[in-house]
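Written below as structure tokens is the structure these notes are about.
The values are calculated or read from the model by the stated rules, or taken from the named source; none is laboratory data. Quick caveat, the model's predicted, so the values are computed rather than measured. As a convention, Cβ positions derive from the backbone with ideal geometry for all residues, glycine included, and neighbour counts pool all protein chains shown.
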Amino acid sequence: MLAFDVGGTDMKAGLFDADGHLIEVLRAPTPLADEDTGERVVAETARLAQELGRRHPHVQPTAAGLLVPGNVDDDAGIGVFAENLGWHDFPFRERAESALGLPVGFGHDVRGAGEAEHRLGAARGFDDVMVVTIGTGIAAAVFIDGRPYAGKGLAGEIGHDRVAEGPACACGGRGCLEAVASAAAIARRYTARSGNPVSGARDVLDRLHAGDCNAAATWDGALDALALGFSHSVALLAPDAIVIGGGLSEAGEELLQPLRERLDGILTFHRRPQLIKASIGANAGLYGAALAARDALAPIAFSTTKEGAAWL
Ligand SMILES: [Zn+2]
């Protein structure tokens with residue numbers, strides 16, 4: 001299988017063998033926004049496929065999977081809109097099938113990564129579960145009764161759940177969860193508060209450990225916002241678990257334990273979901289794309305693999 005995970009700044013291409021093992025990952029910058037971004041992304045997938053083919057001539061892919069961000073119509077195979085990447089109603093599946101000469105499974109990046117965690121990773125075995133990615137933004141893949149719920153491509157946008165009076169969000173709203181608590185927002189808000197530039201949320205945590213009260217206040221605000229946002233989802237869906245992936249999840253229990261406590265402090269009679277770190281990690285999107293590729297060949301409705309990473 002060939003797997004492609006297109007992000008806001010770079011795209012990854014992975015080659016999987018017939019047993020579902022990831023052989024190699026190549027990266028390339030995502031082509032910058034203009035009216036041809038969709039075509040250029042597809043051309044880049046073909047170039048990366050050729051390079052993987054040259055490097056591993058003994059592996060013959062039979063299908064490909066492609067995940068992209070933004071508002072995505074998985075069923076129609078269309079990238080409806082991506083704020084930072086510039087495409088509108090671009091027929092990714094059709095164009096990628098033609099460029100790669102393979103059947104292509106297509107879908108949304110966060111839902112695809114969630115699918116990988118649900119079938120192969122930390123969300124496995126939970127019928128009602130959310131897989132939340134906290135990175136540059138925040139979004140969730142939602143599973144109800146063991147099945148993904150996409151809401152025609154718009155479900156799971158918990159990053160734009162209003163949890164505070166401010167700050168302004170890129171979506172046009174105010175006080176959105178991702179404007180307060182995404183990894184990018186934590187770095188941005190720390191810098192705004194302290195005047196000290198940092199390279200990311202990891203830096204803010206390091207400063208917190210060194211006794212920086214601006215870092216502590218920024219981190220505290222992010223935890224409060226996440227707990228409040230999660231409480232809204234818990235009231236609506238009563239999930240058994242919330243699995244947390246994306247860059248911020250690398251903080252592990254330093255993130256999860258205070259989140260459990262704060263969520264517990266907000267909830268009353270509600271079911272307490274388990275809060276669990278995602279287990280597939282940074283390549284969850286590639287595994288999700290590989291699963292989409294497998295489904296493009298032989299659709300198997302929402303099967304959950306029992307034996308871990310070997311999924312064929
Ligand atoms: Zn927003």
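Among the residues of segment 151-168, is there at least one that is among the basic types (Lys, Arg), farther than 28 Å from Leu22 by Cα and at pLDDT below 95? Step through it out loud before you land on a result.
Taking segment 151-168 as the starting set, the residues that turn out to be among the basic types (Lys, Arg) are 152, 162.
Remaining after also requiring farther than 28 Å from Leu22 by Cα: 152, 162.
After this cut, where a residue has to be at pLDDT below 95 as well, the list is 152.
Checking segment 151-168: at least one residue is among the basic types (Lys, Arg), farther than 28 Å from Leu22 by Cα and at pLDDT below 95.
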Item to check | Output for segment 58-85, where each listed residue is assigned to a loop (DSSP other than H, G, I, E, B) and either of a type in the set (Phe, Trp, Tyr) or crowded, with 18+ Cβ neighbours inside 10 Å (or both) | outcome: Pro61, Ala63, Pro69, Gly70, Asp74, Gly77, Ala82, Leu85
Checklist entry - Any idea which of (1) out of contact with any strand residue (DSSP E or B) (no Cβ under 9 Å at 6 or more places or on another chain); (2) in contact (Cβ under 8 Å) with a residue 12 or more places away in the chain is the one Ser249 doesn't satisfy? => result (1)
Checklist entry - Which residues, taken from segment 187-228, are within 16 Å of the ligand (Cβ to nearest atom) and under 21 Å from Ala140 (Cα atoms)? => result Ala222, Ala225, Leu226, Leu228
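Just one of Ser279, Ser231 is assigned to a loop (DSSP other than H, G, I, E, B) and within 22 Å of the chain's Cα centre (by Cα); which is it?
Numbers: Ser231 fails: assigned to a loop (DSSP other than H, G, I, E, B).
Going through Ser279, Ser231 in turn, just one is assigned to a loop (DSSP other than H, G, I, E, B) and within 22 Å of the chain's Cα centre (by Cα): Ser279.
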Checklist entry - Scanning for something under 18 Å from the mean Cα position of the chain (by Cα), closer than 29 Å to Arg119 by Cα, in a strand (DSSP E or B) and not assigned by TED's automatic domain parsing to the domain that holds Glu97, does segment 247-255 turn up at least one residue? => result no
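Within 16 Å of the ligand (Cβ to nearest atom) and in a helix (DSSP H, G or I) - does that describe any residue in segment 107-120?
Our first condition is that a residue be within 16 Å of the ligand (Cβ to nearest atom); within segment 107-120, this holds for 110.
From what is left, the residues that are in a helix (DSSP H, G or I) are 110.
Looking through segment 107-120, at least one residue is within 16 Å of the ligand (Cβ to nearest atom) and in a helix (DSSP H, G or I).
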Item to check | Filtered residue count, segment 146-177, keeping only those that are surrounded by fewer than 19 Cβ atoms within 10 Å (Cβ to Cβ), near the ligand (Cβ under 10 Å from one of its atoms) and in a strand (DSSP E or B) | outcome: 3
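Any residue in segment 135-144 that is part of a loop (DSSP other than H, G, I, E, B), at pLDDT 95 or above and surrounded by fewer than 24 Cβ atoms within 10 Å (Cβ to Cβ)? Steps first, please.
We begin by selecting, within segment 135-144, every residue part of a loop (DSSP other than H, G, I, E, B); these are 135-137.
If we keep only those that are at pLDDT 95 or above as well, we get none.
Scanning segment 135-144, I find no residue that is part of a loop (DSSP other than H, G, I, E, B), at pLDDT 95 or above and surrounded by fewer than 24 Cβ atoms within 10 Å (Cβ to Cβ), so the answer is no.
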